[in-house]
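Peer 1: Got a structure for you, written out below as C-alpha cells; questions coming shortly.
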Amino acid sequence: SYHFFLLWLIFSYYSFPLDTTSEFSVRLYHQLQVAGGQDNIIFSPLSVAVALGMVELGARGASLAEIRQTLGFNHLLPGVEFSLLQNLTAAVSNDDAHCVIRFANSLFLQEGIAFNPEFLHLMRKYFRAQVETVDFSQSAAVAEQINSWVENQTESKIRELLSAEDFSSVTRLTLVNAIYFRGSWKNQFRPENTRTFSFSKDDGSEVQTLMMYQQGDFYYGEFSDGSQEAGGVYQVLEMPYEGEDMSMMIVLPRQEVPLASLEPIIKAPLLEEWANNVKRQKVEVYLPRFKVEQKIDLKSSLQGLGIKNIFTSDADLSAMTDGKDLYIEKAVQKAYLEVTEEGAEGAVGSGMIALTRTLVLYPQVMADHPFFFIIRNRRTASILFMGRVMTPEVIEPNDHDFDSI
C-alpha cells in the first residue's frame, strides 16, 4: 500500500499543482491583524512564499528547516517545493491578456561577495529572478536603484519601496518583494450606476465613498460559524475576473457586526469551504470603488511565525554565497490593489446598459462596512492577495484617466 500511496501522491501532484501554503497565508494575516489596529491590510501570500523560496534555495541547516516548516512544505520531498512554486507562479503569470500579474522579487547582495553559480542557475530556473549586487554603503543610491527596479517591474504602481534609512554600512543582503495585479471583471460595473454612499467604519464613524452597483451572476453563499462569535450568519461573494481563473472573494459580516468578530474564525480549511460551497446565482452587489496598498516589514511578521534564523547571525545561507556570517537584514513587501468598475485597475469603456429592475428579490451584498477579501487562482487555490478594507481609500480621478466616464 505504500507504493500505491506514493504513486497517488505523484499523480495528484502532477495533475495540477495545489497551493499548500494557505495555512501560512492565514497565519500571516493574523500576525498583520494583531499589529494593524483599524488599518486596511493587503499582502500577497504567493509573493511572500516565492520570496522565501528564493531564500530557501540558498539556505541550509536550521535556516532551511524553519522555512520549510513554516511554509508547510514538510510533507513534500526535499526540493519539490521549488517546482511547485514555479508552477504556481506560471499559473498566474501567463499573459492571457485577461489579467496582468507582475512579481518583482529579487535579492540584492553587497558588492564584493559572490553568489554561487549553482544558486544563480536555480534562481533563474525556478523563479526567473535576477539577483543584483550593490554597494550598501551608498545607501541613497541603493534605495534609488532598488526603487526604480521595482517601479519598472510593476508598471510604476509601486514606488518608493525603500529609503536610504533602510540600509546601514553593515547591510549585506536585502530581500525585495513587490507585486502588482490588474484584471478586468467578467461582469463589469457600469460607471453610471456608481453613487456616493456612506461607509460605516467599525469605530462608529462614517466616511463618504463611491459605491458601485450591479445585478449579475456571481458565486454566492451564506455561512454561519455555528456560534454567535462571528455574529451568526455572514456572506461570501466570489466575483470572477475575465478568463475565470482569477477571482476576488469578499467576506462580509452582518451590518452591525464588526469585522474583528469574524476575523478569529478565518482559518485555512474555511477558505476551502467557502470556495467549494458558493453557488452561481443572481446577486445584487454594492461594492465600494477603492484602492488599498501596504508596505509590510516581513522580517518581524515572519519571525513571529517561526522563521527567525535567516534574520540573525546564526543564518546558514552557504548555498547562496561564499560570504561569511551572511544574513538577511531587511525584508519588505509592498502590495497594491485597485478595485474599480472595470476591475482591478484599468481603463473605462463607455456604453450604456439599461437596468431592468424586476420584482424578483435576489440576495443583496451591501459592502458598506468593513470586509475581508482574497484574490485567488481558482484552479490552483493560490492566494495572490489577502486583506481587509476597514476604510475604502478613494481613488482620486487623477489616479486614472477617467475622462471617458
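The values are calculated or read from the model by the stated rules, or taken from the named source; none is laboratory data. None of these values were measured; they are calculated from a predicted model. Cβ coordinates were reconstructed from backbone atoms using ideal geometry, including for glycine residues, and neighbour counts include every protein chain displayed.
Peer 1: Of these, T209, T196, which one is over 14 Å from P370 (Cβ atoms), in contact with a strand residue (DSSP E or B) (Cβ under 8 Å, 6 or more places away or on another chain) and of a type outside the set (G, A, S)? Give the steps one after another, and end with the answer.
Peer 2: Values: T209 fails: over 14 Å from P370 (Cβ atoms).
Within the list T209, T196, the selection yields T196.
Peer 1: Which ones in the stretch 45-77 are at pLDDT 95 or above and touching a strand residue (DSSP E or B) at 6+ places or on another chain (Cβ under 9 Å)?
Peer 2: Residues satisfying the conditions do not exist here.
Peer 1: Name the one entry in L305, L298, L287 that is over 30 Å from I113 (Cβ atoms), under 20 Å from the mean Cα position of the chain (by Cα) and touching a residue at least 12 places away in the same chain (Cβ under 8 Å).
Peer 2: L287
Peer 1: Look through the stretch 288-312, keep the residues that are in a helix (DSSP H, G or I) and touching a strand residue (DSSP E or B) at 6+ places or on another chain (Cβ under 6 Å), and return whichever of them is farthest from R388 (Cα to Cα). It would help to see each step written out before you state the result.
Peer 2: Of the stretch 288-312, the ones in a helix (DSSP H, G or I) are 298-305, 309-311.
Going one step further and asking which of them are touching a strand residue (DSSP E or B) at 6+ places or on another chain (Cβ under 6 Å), we end up with 298-299.
Details: L298: 18, K299: 21 Å.
So the residue we want is K299.
Peer 1: Report whether or not S200 is in the same structural domain as G53 (by TED's automatic domain parsing), more than 24 Å from the chain's Cα centre (by Cα) and surrounded by 13 or more Cβ atoms within 10 Å (Cβ to Cβ). If you could, list the steps in order and put the result at the bottom.
Peer 2: Numbers: in the same structural domain as G53 (by TED's automatic domain parsing): no; more than 24 Å from the chain's Cα centre (by Cα): yes; surrounded by 13 or more Cβ atoms within 10 Å (Cβ to Cβ): yes.
Answer is no for this residue.
Peer 1: Is it the case that the stretch 165-174 has a residue that's touching a residue at least 60 places away in the same chain (Cβ under 8 Å), touching a helix residue (DSSP H, G or I) at 6+ places or on another chain (Cβ under 8 Å), under 18 Å from F372 (Cα atoms) and not aromatic (F, W, Y)?
Peer 2: Scanning the stretch 165-174, I find no residue that is touching a residue at least 60 places away in the same chain (Cβ under 8 Å), touching a helix residue (DSSP H, G or I) at 6+ places or on another chain (Cβ under 8 Å), under 18 Å from F372 (Cα atoms) and not aromatic (F, W, Y), so the answer is no.
Peer 1: Could you check, for the stretch 330-349, whether at least one of its residues is touching an Asp or Glu at 6+ places or on another chain (Cβ under 9 Å), among the aliphatic types (A, V, I, L, M), more than 30 Å from E244 (Cβ to Cβ) and not assigned by TED's automatic domain parsing to the domain that holds V207?
Peer 2: Yes.
Peer 1: If you don't mind, another one. Could you check, for the stretch 163-176, whether at least one of its residues is aromatic (F, W, Y) and modelled with pLDDT under 90?
Peer 2: Taking the stretch 163-176 first, the residues aromatic (F, W, Y) are 167.
Retained after the next criterion (residues that are modelled with pLDDT under 90): 167.
Within the stretch 163-176, one or more residues are aromatic (F, W, Y) and modelled with pLDDT under 90.
Peer 1: Filter the stretch 303-332 for residues that are under 23 Å from H121 (Cβ atoms) and among the polar types (S, T, N, Q) and give the result.
Peer 2: Selection gives S318, T321.
Peer 1: Identify the residue in the stretch 325-342 that is within 24 Å of G79 (Cα to Cα) and not in a strand (DSSP E or B) and, among all such residues, is nearest to the chain's Cα centre (by Cα). Step through it out loud before you land on a result.
Peer 2: As a first pass, look at the stretch 325-342 and keep what is within 24 Å of G79 (Cα to Cα): 326-328, 331.
This time we only want the ones that are not in a strand (DSSP E or B), so: 326-328.
Details: L326: 28, Y327: 25, I328: 22 Å.
My answer is I328.
Peer 1: Taking I266 and the conditions (1) within 17 Å of the chain's Cα centre (by Cα); (2) surrounded by fewer than 17 Cβ atoms within 10 Å (Cβ to Cβ); (3) within 23 Å of R378 (Cα to Cα), which numbered condition does it fall short on, given that it satisfies the others?
Peer 2: Of (1) within 17 Å of the chain's Cα centre (by Cα); (2) surrounded by fewer than 17 Cβ atoms within 10 Å (Cβ to Cβ); (3) within 23 Å of R378 (Cα to Cα), only one is false for I266: (2).
Listed here are the residues, each with its yes/no results for (1) assigned by TED's automatic domain parsing to the domain that holds V176; (2) out of contact with any Cys (no Cβ under 9 Å at 6 or more places or on another chain); (3) buried (at least 20 other Cβ atoms within 10 Å of the Cβ); (4) not aromatic (F, W, Y).
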{"residue": "D225", "(1), (2), (3), (4)": "no, yes, no, yes"}
{"residue": "V236", "(1), (2), (3), (4)": "no, yes, yes, yes"}
{"residue": "L252", "(1), (2), (3), (4)": "no, yes, yes, yes"}
{"residue": "Q255", "(1), (2), (3), (4)": "no, yes, no, yes"}
{"residue": "E273", "(1), (2), (3), (4)": "no, yes, no, yes"}
{"residue": "Y286", "(1), (2), (3), (4)": "no, yes, no, no"}
{"residue": "Q303", "(1), (2), (3), (4)": "yes, yes, no, yes"}
{"residue": "K308", "(1), (2), (3), (4)": "yes, yes, no, yes"}
{"residue": "M320", "(1), (2), (3), (4)": "yes, yes, yes, yes"}
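Peer 1: Can you tell me how many residues in the stretch 27-52 are more than 16 Å from the chain's Cα centre (by Cα) and part of a helix (DSSP H, G or I)?
Peer 2: 3
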